[in-house]
Amino acid sequence: MSAVGPTRITATFHPSSSVLSSVKCQLLSADLEHLVVAKLNSLEIYSIQPDKLRHECSLEIRGKVRSVKAIPIPNSHRSNILAFLDHPDPELLLLAYSETEPGGGKLELKEQVQLDERGARPAEFFNDVVIHPSAELAVVSCYAGRLKVLNLSPGSHFENYDVQLPEINVLSLAFLPEDQYVLTILHIDHKENIQLISREIKLDDTGAELSYELSLLLPPTTITDKDIPYPTEYLPQLQTFPPDNDNNVLGGVLIVGGRKILLFETCSPDELDKHEKKRKRLGNRKKSKDENEQTAAKEKEEERRTKRRKAKASVGWPWSQLALTSFHRCTPVGSKFFIGDSFGRLALLSMNSSNGETELVLVPLGETSSATTITYLTNQALYVGSHLGDSHVVQISPAPLTHTDKLTLPIDSEIRSVSSGAFASSSDDINMRGGSSKGKGKADDDFEDSEPSEGKGRVIRTHGRYLTNLQSFKNIAPIHDGVLADLDGSGPHQIVTCSGGGNTGSINVVRIGVDFEELASMTGLPNVVGVWPLRGRLWDNTHALVLASTLQETHVFGLNSANTISLLPSNSAHFILDEQTLCAQNIGERVGKEYVDGSMIVQITPKAIRLLEYDSVLDQWSRVDHLDVDSRPEWSGRKIVAASANASQILVALSNGVLASFKIARDKASTTGPKKSPPWYKTEISAVSCTPLNSSKNFTSNVAVAFWHTNRIKILKFSEEGFTFITESPELSAPARSLLFYNFGIDNKPDESDYHAFLLAGLADGTLVTMTWIRNELHSVKVVSLGAGPVCLSADEVQGKRTVLAAGSRSVMVSWEKSGLHYSPVTLKDVVTAQRLNSKHYPSSLLLANPSGLFIGKVKQLDKMHIRSTSLGLDSPRKIAYDPTVKAFGIVCVRTEPSRIGLDQKVTSSFRLLDDTTFTELARFTCDDDEQAMSLTLLKHSDANQTRTFFCVGTVYIRDEEKEPTKGRILVFSLHQSKESSSVYQLNVAINENVSGCVYSLASMSNGTLAAAINSSVMVYRLSVDEMESHSLKRLQIWDHNYLVSSIAEYKNHLVVADQFSSVSLLRMPDETSLNTLARDYSPLWPICVEAFSEKSIIGAEQSLNLFTFSTKTENNRVVLKRDGFYNVGDVVSKFVRGSLVSSDKSGLLRPTHVFFTLSGRIGIIIDVKGRSEIENLTALQTQMVQTAAASEAVGNVSHARHRAPRSSKGRSDADEGAYGILDGDFLENYLRLVENSPDVAEQIIKGAEIPLDRNTIQNTLKVLQGMH
């Protein structure tokens, strides 16, 4: 049998959050509008409510979504959705929305068109779909020199045609708003000039044809680079506008994205006839037999084609590169557009038309996130979707919301601008030269600069803020770097990312867990060890009292109001106050076969059991029965060590292993057992529980008893002799200090589907143990570590779901989710005890105690993704390192100052030190003007006296004349507390080491050893600190065998090296005298980032959006790198971090090893699969699921196997290999959904697998996998 290679699983912790496109449409009724939002691999549907956007449904897309459009259905108010998927598998999906239930719906695939073409070159600039205003025709551009034309039937496509496009480098496409299909094309010609042309698409029975001759409806023109500079990061866009017959406006196109916004109008019928006649005469001249005449005619034709025509109107764009333009509507005075730049500055462009003349008026509105999509919703509200920051719903105010002299947005002095007051006074009678009817001189005085303009337009100088943020949607894309850090000492790592760009740079702390809100706290009562909320009567719904106990005394409080609780005086409540309370509970008695309501409370202390009852006449709690331990001869000399009670039973454990139970009869506690000493007599008991599994019952038949010396839990049954042994747990790691029988389901009978009975035990060593309770036996022991302190257990209910809070040094909320127990972290530390509280002022809450006092809180949601963001504004964080010794983050930032298009941007770089709790700046170092920080790591150095940490920053000097960087620095920073304040730190440059190139990457090796990737070399340095506290870097070794080393990673004394233009190498440094090549891969891989599994295994990501893994093998007495994993992740991975978010599976079969980050905001995990049988089972399961259509809810024309098959920059071919060595964890987990919703399909998958699969083993493994992310 062949050997099974290493296998890993990739799964998603946080999905892609970058927004790429959006569209508003009506998907159901005429009175309800929807917003469709496109992300990298999903579509989200929101209904537009009066106060917010409400999420309705989502659909996973198997592919990369580029844009989304609405296709109106003729003779209907409804629309279908057209989604365009980008390379490498371009595709069109036509989707229909249907309502499944009130408040819910789903998207269904109606049609799909595969656009993939073998051998064609993907379009370099414009990849999108444009739809004719009639919704009868659509054009797709995804390959250079080719278009796909789709003839649309009502709501769906039925025919598509391929047409050749002479223009290769297309920047933008748009349909002119005419009855005929005229396509406007903005492109770069062979002379690198930007040209605007138009061509007509002709349809007939044989297909579609793109006219060879240019359409004269919009005559061709060349756009000067002064108006539209050659595109770099952001492309210019075309936006068409419809004709306005009332104002003699013919319709046309806007070019936005340059230093000016240009308006070109279509020709009138007379002008069109004139141009046609000129073309006809020119055509006749070209047919002349005179060669000179032919040559002159061709030159004239080229001159007309490249002629620069005057724009009908234009206005200067005062801000940075255009991010997006969105057409809103046609108004009585013209069309309106919303335009945003790359730094989030939003403006309204209004086309004001009168008597055939048009003026462009640009009105600054304010600043938001840099937009990738802008959609007008309703009532002056816009949806602004972003890739670089959060997405928002903003509302535009007609008047400034703040009154200030500060401009709404800065306006360059070169731009013609007019004050808002002057514009208002002239808006009634617009002078198309920029003035008003009240006098030309007056208007000219209002312009800051009378720059000559070829068209008509102006910018309004507004003051104050016009935008109100109504709703926000969190986005952590693009993630440039990230670390795992235990910020609060609670144990599980939290993710800290460097995200954003433009004006929305941010540091984000990401974790998933319980949404816990603290409602109130009470200080002044430290060292509480137990709390018990108590009701006035047994069957009351709300609590009236709180009993709190320390080790020495007990306090009783009344719940008076939301702000106060009062200590009950001792004469009004006859509770035992001078002892520790072990248990307190509302309790009733049984009369005949019925349990009756009552106001009795049982209090149990080490010395006594006391019954109290509320006396309404005296308005106090009076004692009705009292049992001293010493009053019973058989208990003499003993004390109660543990106790539990329910609505009718009392269970106490005394020293020396004595167990006794009581019931209430005639207002007295009477003993029910045992009649003889149990077999464990004189074995000390650590905890007991008599909580009923059936919450509707007032009693239980079974009890749980835990012991100190054996670390076991016995399950006993009440009997005539007292207790009968049923079963016991295996030996645990520590004694149990808290026990709870609990049913996580809503059914109360074991044979019902939603009955999930468990025994939970909180151990003294900080461990939570859960065991299933099936047919009077304990099974499936699972252990979860919660720190070091004892764990307490408290039953709770969250959003109708039965839960248990397990709290100690750390806390989790346990619930039943997806066929198994689910553990949701809670941001609670050092909780000593907790109980459910339901009072008038604090309904469905928790009462908790920690060493400092009591507090009340509420769990609002179980599994919520918590993202805490700290805005850095224009400072875009690129690299991050965490130093837990000083509890601070080191951040490398790049700051780009906004500037007008065509002007050089000022870029500066800095290293900042931030507090890990408040993220306030502690210290900062600013690089030189032409220097940029590129890399960062934390270096540890130990000597005989102490261990010190240093932040190391690698930089490069950027000089335009250099083809390759020739200068950089390695900066080593030492950190010292300020003498004035312990919260203020000083950054000292301990070492300033000049290097000959760019320091692309840094890696900390063994004690004080630093590896640096500098241009094509890897250099290793040793940090030295002498007795005089002088620091130095000594170069130990250099390895120079690459083109460009972009990323390095260390593991013990090994280095993984990624060459951006080649592949990966594995180096070993056995000592300071040598740096050897251990193994090397020579395939053209183009890696982006790498990390190590071990000294022999590598993981990385490359430019074609693939993950790869390598392991060392020995072949012919040579160590080689063997690629044993290749998998398309469909996103640009920017960083791998060693570590995990949760503890490893106790069985060791699944071990989380890495967390990775992508530019779309996705956070994923890598899990190592151990064990031959587990690898074979999971691989066989995925293979069979791929062959089962119902196993995936994702849509897309490609199969799952092809979707995850590695991609190549050369495109698809039949020789492409499938993915191997890495499994799709998100896809595998769909099997658990099938088990719940489609058991027949799940069974079909199991039976159809190539190897026998054990159903229970597969489900248990997938549950463990789910718990890891």
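List the extent of the Cα atoms of region 477-592 along each of their three principal axes, largest first, rounded to whole Å.
Rounded to whole Å, the extents work out to 70, 36, 29 Å.
Can you compute 3J(HN,Hα) from phi for each residue in region 1127-1140, using the Karplus curve 6.51 cos²θ - 1.76 cosθ + 1.60 with θ = phi - 60°, rounded to whole Hz and x for Gly and Pro?
Coupling constants for region 1127-1140: 7, 8, 8, x, 7, 7, 7, 9, 6, 10, 10, 6, x, 9 Hz.
What distance in nm separates the two pseudo spin-label positions at residue 895 and residue 298, each 7 Å out from Cα along the beta-carbon direction?
Using points 7 Å along Cα→Cβ, the separation is 5.8 nm.
Taking the chain, how much of its Cα-Cα pair set, in percent, is spaced more than 56 angstrom apart? Don't jump to the answer; show the numbers that get you there.
Values: 264389 of 804546 pairs.
Tail of the P(r) past 56 Å holds 33 percent of the pairs.
Please state the Cα pair-distance histogram of region 1180-1269 with 10 angstrom bins from zero: what percent is in each bin?
Each 10 Å bin holds this share of Cα pairs: 15, 46, 29, 9, 0.
Above 28 angstrom, tally the Cα pairs of region 1032-1191 and express them as a % of all pairs, no decimals. Working shown, then result.
Values: 3618 of 12720 pairs.
Tail of P(r) above 28 Å: 28 percent of Cα pairs.
Going Cα to Cα from residue 280, which aspartates and glutamates come in below 20 Å? Please leave out same-chain ones fewer than 8 positions away.
Straight-line reach from residue 280, under 20 Å: 200, 213, 270, 271, 290, 291, 293, 299, 301, 302, 303.
Over region 800-870, with a single point scatterer placed on each C-alpha, what log10 of the ratio I(q)/I(0) does the Debye formula yield at q = 0.13, 0.18 1/Å?
Here the Debye-derived log intensity ratios amount to -0.42, -0.77.
Exactly which trypsin sites (Lys or Arg not before Pro) in region 117-210 are in a DSSP loop and have at most 13 other Cβ atoms within 10 Å?
Details: sites: 118, 146, 148, 191, 199, 202; in loops: 118, 191.
Answer in residue order: 118, 191.
Tell me the label-point distance for the pair residue 861, residue 752, using the 7 Å Cα-to-Cβ offset, in nm and rounded to one decimal.
If labels sit at residue 861 and residue 752, their model points lie 3.0 nm apart.
Pull out a ≥ b ≥ c, the square roots of the eigenvalues of the alpha-carbon gyration tensor of region 630-700, then state rounded if a/c is under 1.5, prolate if not and a/b is larger than b/c, and oblate in the remaining case. Provide the component values of the computation, followed by the final result.
Values: a/c = 2.21, a/b = 1.44, b/c = 1.53.
In terms of gyration-tensor shape, oblate.
Average the reciprocal distances over every distinct pair of alpha-carbons in region 1-147, invert the result, and give the Kirkwood radius in Å.
On the way: mean 1/r = 0.0588 Å⁻¹.
Mean inverse Cα-Cα distance, inverted, gives 17.0 Å.
Put one equal scatterer on each alpha carbon of region 70-221, apply the Debye formula with no solvent term, and list log10 I(q)/I(0) at q = 0.09, 0.13, 0.19 1/Å to two decimals.
-0.31, -0.62, -1.20
In whole percent, and with a 1.4 Å probe on the protein chains, what portion of the accessible area of the chain is carbon and sulfur?
Values: 24940 of 54340 Å².
That fraction is 46 percent.
What do you reckon, how do 167, 1050, 961 stack up by accessible area (1.4 Å probe), largest on top? Mind showing how you got there, number by number?
On the way: 167 5, 1050 40, 961 145 Å².
So, going from the largest accessible area down, we get 961, 1050, 167.
Counting each DSSP H run of 4 or more residues in the chain as -39500 (n - 2.57), what helix-only mean residue ellipticity at 222 nm follows after dividing by all residues, to the nearest 500 deg cm²/dmol?
-2500 deg cm²/dmol
Which entries in the list 307/406; 202/312; 289/312; 278/310 go over 31 Å, if you measure between the two C-alpha atoms of each? Kindly include the intermediate steps, with their values, before the conclusion.
Details: 307/406 43 Å; 202/312 28 Å; 289/312 39 Å; 278/310 19 Å.
From 307/406; 202/312; 289/312; 278/310, over 31 Å: 307/406; 289/312.
Defining a contact as two alpha carbons under 8 Å apart and six or more residues distant in sequence, what relative contact order in percent does region 1090-1243 show?
Working: 235 pairs, mean separation 29.3, N = 154.
For region 1090-1243, the relative contact order is 19 percent.
Using each residue's phi in region 895-900, evaluate 6.51 cos²θ - 1.76 cosθ + 1.60 at θ = phi - 60° and report the 3J(HN,Hα) Karplus result to the nearest Hz, with x for Gly and Pro.
10, 10, 7, x, 8, 5
Exceeding 18 Å between C-alpha atoms, which entries from my cross-link table qualify? They are 879/963; 64/106; 682/714; 24/69.
Values: 879/963 25 Å; 64/106 20 Å; 682/714 15 Å; 24/69 9 Å.
In this structure, 879/963; 64/106 exceed 18 Å between Cα atoms.
Write down the accessible area per residue of the chain in Å², having rolled a 1.4 Å probe over the full set of protein chains. Before the final figure, lay out each step's value.
Values: 54340 Å² over 1269 residues.
Heavy-atom accessible area per residue stands at 43 Å².
On a 21 Å Cα-Cα criterion, which of the cross-link pairs 277/298; 191/226; 226/300; 864/1263 come out too long?
Numbers: 277/298 16 Å; 191/226 16 Å; 226/300 25 Å; 864/1263 19 Å.
Violating the 21 Å Cα-Cα cut-off are 226/300.
What do you get for trypsin sites (Lys or Arg not before Pro) in region 862-960 restricted to DSSP loop and a cutoff of at most 16 other Cβ within 10 Å of the site's Cβ? Can you show the working numbers first?
Numbers: sites: 864, 868, 878, 879, 887, 895, 900, 906, 912, 924, 940, 948, 959; in loops: 887, 900, 906, 959.
Passing both the DSSP loop test and the Cβ count: 887, 906, 959.
Count of lysine pairs in region 1028-1182 with Cα atoms under 24 Å apart, counting only pairs 8 or more residues apart in sequence or on different chains?
15
For all pairs of alpha-carbon atoms in region 888-1003, what percent lies in each bin of width 10 Å, listed from the first bin to the last filled one?
Going from the shortest bin to the longest, the percentages are 13, 39, 31, 14, 3, 0.
May I ask you to derive the FRET efficiency for residue 552 and residue 947 from their Cβ-Cβ distance with R0 = 41 Å, giving the value to the nearest 0.05? Don't skip to the answer; put the middle values down first.
Values: r = 43 Å, r/R0 = 1.04.
The calculated FRET efficiency here is 0.45.
Taking H placed 1.01 Å from N in the peptide plane, check which residues at least 5 places from residue 642 or on another chain put their amide H under 5 Å from its amide H.
Under 5 Å from the amide H of residue 642 lie the amide H atoms of 653, each far enough along the sequence or on another chain.
Could you give the C-alpha radius of gyration of region 613-660 expressed as a fraction of 2.2 N^0.38 Å, taking N as the number of residues it contains? Spell out each step's value before the answer.
Details: Rg = 14.1 Å, N = 48, 2.2 N^0.38 = 9.6 Å.
It is 1.47.
Test of understanding: express the Cα radius of gyration of region 141-287 as a ratio to 2.2 N^0.38 Å, with N the residue count.
Working: Rg = 16.2 Å, N = 147, 2.2 N^0.38 = 14.7 Å.
Working it through for region 141-287, the quotient is 1.11.
Under 5 Å between amide H atoms, partner at least 5 residues away or on a different chain: which partners does residue 73 have, H built in plane at 1.01 Å?
Close amide H contacts, sequence-distant or interchain: 78, 79, 80.
Divide the volume of the convex hull of the Cα atoms of region 560-634 by its number of residues and quote the answer in cubic angstrom per residue. All intermediate terms of the calculation are to be shown ahead of the outcome.
Values: hull volume 11.1 nm³, N = 75.
Dividing the Cα hull volume of region 560-634 by its residue count gives 148 Å³.
Which whole-number percentage describes the relative contact order of the chain, with Cα contacts under 8 Å and a sequence gap of 6 or more? Let's see the in-between values first.
On the way: 3422 pairs, mean separation 101.4, N = 1269.
Relative contact order here is 8 percent.
Based on alpha-carbon centroids, what's the gap between region 1-63 and region 635-700 in Å, whole number please?
Between the Cα centres of region 1-63 and region 635-700 lies a distance of 55 Å.
Multiply the residue separation of residue 694 and residue 230 by 0.36 nm, subtract the distance between their alpha-carbon atoms, and state the gained length in nm to one decimal. If you can, show how the numbers build up before the last one.
Values: separation 464, 0.36 × 464 = 167.04 nm, distance 7.35 nm.
Between residue 694 and residue 230, full extension yields 159.7 nm more.
Could you state the principal axis extents of the C-alpha atoms in region 1023-1083, from the largest down, to the nearest angstrom?
So the extents along the principal axes, rounded to whole Å, are 50, 21, 18.
Rg (Å, one decimal) plus Dmax (Å, integer) for the alpha carbons of region 997-1126?
In order Rg, Dmax, the Cα atoms of region 997-1126 give 15.0, 53 Å.
What does the extension gain come out to for residue 278 and residue 202, with contour length at 0.36 nm per residue minus their alpha carbon separation?
Values: separation 76, 0.36 × 76 = 27.36 nm, distance 2.26 nm.
Fully extending the segment from residue 278 to residue 202 adds 25.1 nm.
Using Cα pairs under 8 angstrom and six or more residues apart, how large is the relative contact order of region 235-367, in percent?
Values: 231 pairs, mean separation 28.5, N = 133.
So the answer I get is 21 percent.
If amide H atoms are built 1.01 Å from N in the plane of the peptide, which residues on other chains or at least 5 residues away come under 5 Å of the amide H of residue 798?
Those qualifying (amide H under 5 Å, at least 5 residues apart or on another chain) are 803.
The values are calculated or read from the model by the stated rules, or taken from the named source; none is laboratory data. Just so you know, these numbers come straight off a predicted model, no measurement behind them. When we count neighbours, we look across all protein chains shown, and the Cβ atoms used for this are built from the backbone with ideal geometry, even at glycine. The protein model used for the area step is the full one, side chains on, heavy atoms only, and it has no ligands, DNA or RNA in it. Shrake-Rupley method; radii C 1.70, N 1.55, O 1.52, S 1.80 Å.
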